[in-house]
Amino acid sequence: MKSKILDAVGISAAVLCLIHCIVFPLLMIIPFGISHNPYIDLTFLLIGIIVVYRVTKHITDGWLKFLFWISVFMIGISILIDFLCEIHLPLLYLGAIGLITGHLINFKNHRH
């Protein structure tokens, strides 16, 4: 039951991250006086790492563990490049989609 809750938290955080990453650049076009804050991305990453760590402790499927950790790694690389070079890589989108997919698969594999 606990893993199902973690999957729900993971799905929610990844979806919010994806929405943030898609909508925020569009909002920057409109002159509201807002700017990008990479610490928000870092917060989503830290939530993702905690949830993925706790979920993957109980997973036996190696490919699903790989999907979770490669997705977190892609998000982390994208955020690191953003901090260092202020370049936004599409790895962030791929990582968020990977996390959503992994959590949905893991949620579906639970015995209800």
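Taken together, the values in this text are just the output of simple stated rules run on the coordinates, not laboratory data. Predicted model only: the values in this text are computed from it and were never measured. Don't worry about glycine lacking a Cβ; one is built from the backbone with ideal geometry, like all the others, and counts go over all protein chains shown.
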Response to the item:
residue 38 neighbourhood, Cβ < 10 Å, K/R = +1, D/E = -1, net charge -3
Worksheet item: residue 89: net charge of surrounding residues, Cβ under 15 Å, Lys/Arg +1, Asp/Glu -1, itself excluded?
Response: -3
Worksheet item: For the residue pair residue 87 and residue 50, what label-to-label distance in nm results when each label sits 7 Å from Cα along the Cα-to-beta-carbon direction?
Response: 3.2 nm
Practice prompt. Taking all pairs of distinct Cα atoms, average 1/r, flip it, and tell me the Kirkwood hydrodynamic radius of segment 60-112 in Å to one decimal place.
Written response: 11.7 Å
Worksheet, complete the sentence: With x for Gly and Pro, the residue-by-residue ³J(HN,Hα) of segment 88-93, computed from phi through the Karplus equation 6.51 cos²θ - 1.76 cosθ + 1.60 at θ = phi - 60° and given in whole Hz, is 9, 9, x, 4, 4, 5
